[in-house]
């Protein structure tokens, strides 16, 4: 009786194991990169909410001059000064401060590059309804404050126009907005 020995079976098993392990590690790397993008998107949205809340509070805090806050687009690419201490107090200074916050002035890197906000952040304040203090009408003013920025992956394009066509493909544009009602306290 002849006995035949098999050679190389262990080597094939090791190679198959290495291939399976390589695919597993590749999957983990892809997951890690997607998690990183999600983390950045989440951070940007949190920053946008803070900046939106800041401006809505400023607008509500100056109800007699609410029309002075109307701005088509402020933030990245505007002409607001980087030092707002020379700007007159009130709506003008609030808009200057908001512009600098949208540009990321709250945080800088070692080269003094502003990194404290979203990518390409912009803000818009529009009037939805004008106040009407006429007797018996008493309609409050309604304003919309919006913050827009560039996301890292495509989603559905926002329907509001703030920052429209500023980020290339509209599916990269992110936007959050809030409506602010300015009541007429002396109205009868």
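What the table shows:
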quantity: Some residue of region 107-130 being free of Cβ contacts under 8 Å to residues at least 24 places away in the same chain, part of a strand (DSSP E or B) and under 28 Å from residue 64 (Cα atoms); calculated: yes
quantity: Answer residue from region 159-188, given it is in a loop (DSSP other than H, G, I, E, B) and under 16 Å from residue 59 (Cβ atoms) and is modelled with the highest pLDDT among those; calculated: 162
quantity: Subset tally (residues that are farther than 13 Å from residue 144 by Cα and part of a helix (DSSP H, G or I)) for region 59-86; calculated: 7
quantity: Hits in region 104-113 - residues which are touching a strand residue (DSSP E or B) at 6+ places or on another chain (Cβ under 8 Å) and on the phi > 0 side of the Ramachandran plot; calculated: 104
quantity: Unmet requirement for residue 156, which otherwise passes all of (1) surrounded by 14 or more Cβ atoms within 10 Å (Cβ to Cβ); (2) in a loop (DSSP other than H, G, I, E, B); calculated: (1)
quantity: Selected residue (criterion: nearest to residue 102 (Cα to Cα)) from residues of region 132-145 that are free of Cβ contacts under 8 Å to residues at least 60 places away in the same chain and touching a strand residue (DSSP E or B) at 6+ places or on another chain (Cβ under 9 Å); calculated: 144
quantity: Residue within region 114-124 that is surrounded by fewer than 20 Cβ atoms within 10 Å (Cβ to Cβ), farther than 22 Å from residue 148 by Cβ, at pLDDT below 90 and in contact with a strand residue (DSSP E or B) (Cβ under 7 Å, 6 or more places away or on another chain) present; calculated: no
quantity: Residue 70 vs. criteria within 25 Å of residue 165 (Cβ to Cβ), in contact with a helix residue (DSSP H, G or I) (Cβ under 7 Å, 6 or more places away or on another chain) and touching a residue at least 24 places away in the same chain (Cβ under 8 Å); calculated: no
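Residue-by-condition table, conditions (1) within 30 Å of residue 131 (Cα to Cα); (2) surrounded by fewer than 13 Cβ atoms within 10 Å (Cβ to Cβ); (3) modelled with pLDDT of 95 or more:
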{"position": "16", "(1), (2), (3)": "no, yes, no"}
{"position": "41", "(1), (2), (3)": "no, no, no"}
{"position": "62", "(1), (2), (3)": "yes, no, no"}
{"position": "70", "(1), (2), (3)": "yes, no, yes"}
{"position": "87", "(1), (2), (3)": "yes, no, no"}
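The values are calculated or read from the model by the stated rules, or taken from the named source; none is laboratory data. Since this is a predicted model, take the numbers as computed values, not measurements. Glycine gets a Cβ as well: all are built from the backbone with ideal geometry, and neighbour counts include every protein chain shown.
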